[in-house]
Amino acid sequence: MKSQEIRSKFLDFYNSKQHLIVPSAPMVLKNDPTLMFTNSGMAPFKEYFLGNAAPKSTRIADSQKCLRVSGKHNDLEEVGYDTYHHTMFEMLGNWSFGDYFKKEAIAWAWELLTEVYKIPKDILYVTVFEGDKEDGTSMDTEAYDLWKAHISEDRILKGNKKDNFWEMGDQGPCGPCSEIHVDIRSAEEKAKIDGKSLVNEDHPQVVEIWNLVFMQYNRKASGALEELPAKHIDTGMGFERLCMVLQNVQSNYDTDVFTPLIREIETISGVAYGNNEKIDVAIRVIADHVRAVAFAIADGQLPSNNGAGYVIRRILRRAIRYGFTFLNQKDPFIFKLAETLSHQMGDAFPEIKKQFTLVHNVIKEEEASFLRTLDQGLLLLDKVIEETKDKEIAGKKAFELYDTYGFPLDLTQLIAREKGYTVNEDEFASEMEKQKNRSRSASASETGDWIILDDNSTEEFIGYDTLKSDIKVTRYRKVTSKKGGDQYQLVFNKTPFYPEGGGQVGDKGYIETNNGDVIHVLDTKKENNVIIHFTKNLPKNIEDTFTAVVNEEYRNLSASNHTATHLLHQALRTILGTHVEQKGSLVNPDYLRFDFSHFSKVEADQLEEIEAFVNARIKENLPLIEKRAIPMQQAIEEGAIALFGEKYGDDVRAIKFGKSMELCGGTHVQQTGDIWYFKIKSEGAVAAGIRRIEAITNVAVGNYFEEVEKNYTEVKQLLKNPKDLIKSVSNLQDENTALKKQVEQLLKDKAKNMKGELKNQLQEINGVNYLATKVDLDPNSIKNLLFELGGEVDNLFVLFATAPTKEKAMLTCYISKDLANERGYDAGKVVRELGKFIHGGGGGQNFFATAGGKNPGGIPKVLDKAKEYIS
């Protein structure tokens with residue numbers, strides 16, 4: 001059975017059980033501070049389990065893209081080495097939100113596996129929760145009794161809290177679970193060892209394929225459990241493992257989920273899969289990782305140096321490293337797999353087809369960049385090995401390579417072994433732990449339970465219509481940060497404060513008590529569909545009615561920049577072409593940042609045209625036309641643009657200014673004239689195929705023009721207030737060019753005159769014509785002089801030192817090629833080692849190299865030590 005049919009049969013089965021079939025949510029999460037990525041099928045539905053929103057249906061089924069590479073659920077290090085862990089995987093799931101519970105979940109799971117997929121019953125085992133004394137929970141006898149109707153009791157196993165109690169996090173909804181395991185070993189192996197003894201023992205052919213979670217508790221901050229008012233079902237079945245079972249193979253990588261990618265890797269690399277374990281691991285890593293990276297990019301997360309972007313970059317670099325080391329791939333090649341992936345999965349997940357060009361180009365650029373870094377890292381590692389005396393490379397040095405250049409420990413170890421060295425792994429681990437602790441100490445916090453003041457109150461955003469309102473606090477909690485002390489998070493029954501989202505920063509402001517006390521709102525965010533207000537203090541008489549007031553200037557300036565992004569998007573699509581899509585944005589009171597797809601630099605004349613287009617729309621003073629809570633399909637049919645990587649509900653909000661219409665939840669000006677003026681500050685590349693424009697509006701433009709006028713006046717004054725400033729500056733440039741030529745000629749003449757004098761200073765030592773001295777020349781003149789000397793004098797070894805400033809020193813070493821090639825002299829080594837005396841370093845070729853440093857006072861020591869290299 002092909003993988004596409006396996007996926008379809010699952011969705012069709014639950015559709016027949018009155019489940020609403022929904023598409024996969026993006027793998028990249030944008031409004032959940034507790035998760036970077038969707039790491040399980042239930043993550044997109046957290047707000048329903050928490051009771052913060054109502055689902056479209058009480059029964060839902062889907063195939064959800066998931067990523068597990070960080071945090072509690074981290075499978076990265078197992079990937080490639082075993083046959084059933086992955087970074088990105090699909091999770092088939094069915095959900096009940098206060099509808100059916102254990103009986104139906106168990107019966108339908110059994111029906112699907114044994115009657116639809118026809119998996120033999122005698123290779124299945126199930127587990128149930130045995131209870132936990134610490135939590136005060138007893139064995140899940142209800143699930144045990146229900147399973148007895150379908151499977152013999154000797155195949156129902158008891159599991160501990162680690163294996164059979166599922167939790168969303170340290171707090172929140174949780175409950176016991178029943179796992180379904182499959183034993184696909186051969187008959188001979190089964191005769192030797194009973195399968196039940198291998199359940200949950202990490203055996204590659206006795207694996208869990210489905211987990212049925214019975215959400216019936218809420219875990220409080222204290223660790224105590226309380227019953228949920230409504231009970232839910234949350235199931236997750238590993239699609240890749242299910243394919244392994246149904247396609248009768250022993251590895252997920254032998255299924256048609258991965259074989260097309262593996263065949264393409266074999267074709268590109270010329271290396272066969274299945275003959276060498278190290279090569280096989282490398283191919284599995286690449287096949288797995290390209291899926292994770294490609295879908296992350298398609299869902300809106302570009303590789304970067306921090307946060308979720310760094311996780312994606314790390315996954316890709318891991319794949320590049322395996323290709324570099326084991327498949328001998330020194331040039332970018334992983335990007336070529338994007339086409340195979342698009343053909344293979346594009347029908348089930350259209351985003352991978354739609355974003356193919358972006359995925360292809362971003363991966364190619366990232367590969368090229370890291371391959372250059374690998375070369376740099378190899379040079380540095382050579383230097384480390386050269387400086388290591390006892391055949392063990394310090395773990396701290398290995399960590400510096402990892403931390404600065406993304407140079408993995410296992411690659412450092414591999415190269416070290418080839419040269420007869422080892423790496424101090426314990427010291428490396430210690431440095432890694434120090435870094436983790438620094439990260440934890442900067443971000444860790446303890447969050448208390450919500451204190452519920454009004455459990456029946458609705459929590460509503462009213463900030464589109466007003467910036468001030470009487471409110472009541474419905475719940476609050478205390479957050480103790482290890483970095484910044486205590487804060488409080490407050491939720492109101494209704495709020496005018498806009499929560500951070502869609503690229504726009506959250507509102508600031510204050511709440512005022514009846515006696516005039518003011519509690520400042522430092523930020524506003526959204527978590528699992530709840531708007532949270534951050535304050536330093538908790539209001540007294542917390543159950544009173546307060547007045548919430550949004551900082552009007554802060555909001556209006558943000559709104560001005562947000563509306564400008566819509567007009568900018570329209571301008572880009574009009575002037576550059578409809579291939580332009582928004583790929584990210586930042587909107588705050590000071591400026592706007594807009595990322596978009598475009599595969600070449602935006603030229604100066606195009607930027608002028610774009611700026612003029614936006615300002616023309618501002619001058620037209622177009623009114624805001626807002627449509628709230630309209631069906632998604634209707635908005636699209638009316639011309640609204642849905643933004644890249646966003647998760648939309650059935651009903652959406654559409655914002656229209658003239659011919660610009662987008663789906664958007666942010667705040668906007670009432671008419672475009674309120675923006676006043678739009679000015680582009682910069683345009684540049686963010687990643688392959690992604691450009692970024694930064695711009696300002698409103699007050700910031702006024703400040704900008706004031707600064708420009710001030711600078712203009714100062715320049716005129718410096719030039720004695722000429723009548724024609726441009727002509728005056730042009731004349732100054734011409735004079736400067738002429739003077740530079742004169743200086744260059746003088747330096748050439750000076751070097752020419754010095755050549756004879758320097759020849760006379762040469763000493764013959766051990767058959768080498770040697771000179772080490774300080775000179776007063778620029779780097780270009782030094783280079784020319786040295787090569788002229790080298791053409792006239794055999795067996796030459798010259799070291800020049802110069803101090804261009806009080807804080808800067810330079811060394812230049814020239815060695816005749818016959819000395820370098822035949823007698824082993826190395827100019828690069830000379831300047832690297834002597835560079836230490838000037839507090840710097842450098843390098844180059846064996847016949848010519850340079851170094852720079854911050855300590856000219858070290859030059860005498862350099863000149864004194866240089867002779868040692870030939871004596």
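Is it fair to say Ser558 is modelled with pLDDT of 95 or more and either out of contact with any Leu (no Cβ under 8 Å at 6 or more places or on another chain) or not assigned by TED's automatic domain parsing to the domain that holds Gly684 (or both)?
Considered against the rule, which asks whether it is modelled with pLDDT of 95 or more and either out of contact with any Leu (no Cβ under 8 Å at 6 or more places or on another chain) or not assigned by TED's automatic domain parsing to the domain that holds Gly684 (or both), Ser558 comes out as yes.
So, in the stretch 802-828, exactly how many residues are within 44 Å of the chain's Cα centre (by Cα) and of a type in the set (Val, Ile, Thr)? Break it down into steps so the answer makes sense when it comes.
In the first step, residues of the stretch 802-828 are kept if they are within 44 Å of the chain's Cα centre (by Cα); the result is 803-813, 826-828.
The next check asks that each one be of a type in the set (Val, Ile, Thr); those that pass are 805, 812.
Here the count works out to 2.
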- Out of all the residues in the stretch 380-405, which are exposed (fewer than 12 other Cβ atoms within 10 Å of the Cβ) and not acidic (Asp, Glu)? Lys389, Lys391
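Given Val652, Val614, which one is out of contact with any Pro (no Cβ under 9 Å at 6 or more places or on another chain), in the same structural domain as Ile575 (by TED's automatic domain parsing) and either without any contact (Cβ under 8 Å) to a residue 40 or more places away in the chain or crowded, with 18+ Cβ neighbours inside 10 Å (or both)? Spell out how you get there, then give the answer.
On the way: Val652 fails: out of contact with any Pro (no Cβ under 9 Å at 6 or more places or on another chain).
Checking each option against the conditions leaves just Val614.
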- Item | Matching entry among Gly852, Gly841, Gly835, Gly790 (being of a type in the set (Gly, Ala, Ser), touching a strand residue (DSSP E or B) at 6+ places or on another chain (Cβ under 8 Å), part of a helix (DSSP H, G or I) and closer than 24 Å to Lys383 by Cβ) | Gly835
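Could you say whether any residue in the stretch 69-76 is at pLDDT 85 or above and outside the structural domain of Pro499 (by TED's automatic domain parsing)?
First pass over the stretch 69-76, keeping only residues at pLDDT 85 or above: none.
No, that holds for no residue.
Name the single residue, out of those in the stretch 303-328 being of a type in the set (A, V, I, L, M, F, W, C) and free of Cβ contacts under 8 Å to residues at least 40 places away in the same chain, that is farthest from Lys30 (Cα to Cα). It would help to see each step written out before you state the result.
Pass one, the stretch 303-328, residues of a type in the set (A, V, I, L, M, F, W, C): 308, 311-312, 315-316, 319-320, 324, 326-327.
Going one step further and asking which of them are free of Cβ contacts under 8 Å to residues at least 40 places away in the same chain, we end up with 312, 319.
Numbers: Ile312: 15, Ala319: 26 Å.
If we take residues in the stretch 303-328 being of a type in the set (A, V, I, L, M, F, W, C) and free of Cβ contacts under 8 Å to residues at least 40 places away in the same chain, then Ala319 is farthest from Lys30 (Cα to Cα).
Helices (runs of 4 or more DSSP H) wholly in the stretch 353-426 with at least 3 residues that are aliphatic (A, V, I, L, M) and modelled with pLDDT of 90 or more - which ones?
Where helices (runs of 4 or more DSSP H) fall fully within the stretch 353-426 and carry at least 3 residues being aliphatic (A, V, I, L, M) and modelled with pLDDT of 90 or more, they are 356-387.
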- Taking first residues from the stretch 285-302 that are on the phi > 0 side of the Ramachandran plot and second residues anywhere that are outside any helix (DSSP H, G or I) and of a type in the set (D, E, K, R), the pairs with Cβ under 9 Å that are 6 or more apart or on different chains are Gly300/Lys30; Gly300/Lys583; Gly300/Glu646
- Message: Please go through the stretch 192-211 and give me each residue that is assigned to a helix (DSSP H, G or I), under 16 Å from Gln250 (Cβ atoms) and in contact (Cβ under 8 Å) with a residue 24 or more places away in the chain, ordered by number.
- Response: Gly195
- If you check Val311, Val285, which single one turns out to be among the β-branched types (Val, Ile, Thr) and closer than 17 Å to Pro332 by Cα? Val285
- Query: In the stretch 129-180, how many are more than 21 Å from Glu104 (Cα to Cα) and among the hydrophobic types (A, V, I, L, M, F, W, C)?
  - Reply: 1
- Positions within the stretch 479-501 being surrounded by 19 or more Cβ atoms within 10 Å (Cβ to Cβ), in contact (Cβ under 8 Å) with a residue 40 or more places away in the chain and not in a strand (DSSP E or B), in sequence order: Pro496, Phe497, Tyr498
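Go through the stretch 677-713 and give me each residue that's in a helix (DSSP H, G or I) and among the β-branched types (Val, Ile, Thr).
Let us first name the residues in the stretch 677-713 that are in a helix (DSSP H, G or I), namely 698-713.
If the condition is that a residue be in a helix (DSSP H, G or I) and among the β-branched types (Val, Ile, Thr), then Val699, Val701, Val708, Thr713 are the ones that fit.
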- Item | Breaking point among (1) part of a strand (DSSP E or B); (2) surrounded by 11 or more Cβ atoms within 10 Å (Cβ to Cβ); (3) over 54 Å from the mean Cα position of the chain (by Cα), for Leu799 | (3)
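The values are calculated or read from the model by the stated rules, or taken from the named source; none is laboratory data. This one's a predicted model, so the numbers in the text were calculated from it and none came from an experiment. Note that we place each Cβ from the backbone using ideal geometry, even for glycine, and neighbour counts take in every protein chain shown.
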